[in-house]
Amino acid sequence: MNLRLQLVANTCLAYLKLEDWNELQFWGMRTIQLMRQATGANDAPIPPEDEALLGFPSAPQVGKIYYRTARAYEELGDRGEARRLLRVAQIYLPHDQTVKKSLAGLALKIG
């Protein structure tokens, strides 16, 4: 499982660098859906704190998958889903400045 998650994280990174947003979205969501199914989060949206599995051995890799997939959604124009994925990525990667900046850039504007 750890190896598979590392492979998916690297695959997502490659598509990110190629700016192939559709492939990045496909590979990222494929794994995210599997994670959600395993936790029962696929049935209805749950808070990011509940979706993130912090005790999971490959948690940093999963965080990267969420972040990179969020970038695909952002580039494809779905800012809402990008925000949702970034919130989960931030739980997995709380000290990652890139995730924090991306989330701040997608914050809802008030007024």
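The values are calculated or read from the model by the stated rules, or taken from the named source; none is laboratory data. Remember, predicted model here, so these are calculated numbers, not experimental data. Backbone-built Cβ (ideal geometry, glycine too); neighbour counts: all protein chains shown.
Applying a threshold of 6 Å to beta carbon distances and a minimum spacing of six or more residues, or different chains, the list of pairs starting in segment 17-29 at a residue that is more than 12 Å from Tyr73 (Cβ to Cβ) and ending at one that is modelled with pLDDT under 95 and of a type outside the set (Lys, Arg) is empty. For segment 1-36, the set of residues classified as within 16 Å of Phe56 (Cβ to Cβ) and basic (Lys, Arg) consists of Arg4, Arg36, listed by residue number.
Here segment 34-53 is the region considered, the condition is being among the small types (Gly, Ala, Ser) and closer than 17 Å to Glu81 by Cβ, and the residue that is modelled with the highest pLDDT is Ala52. Sub-7 Å Cβ pairs linking a first residue in segment 61-85 that is surrounded by 17 or more Cβ atoms within 10 Å (Cβ to Cβ) to a second residue that is acidic (Asp, Glu), at least 6 apart or interchain, are Tyr73/Glu81; Ala82/Glu74, ordered by first then second residue. Residues that are among the hydroxyl-bearing types (Ser, Thr, Tyr) number at least 2 in the following helices (runs of 4 or more DSSP H) confined to the chain: 2-18, 21-39, 59-75, 97-105.
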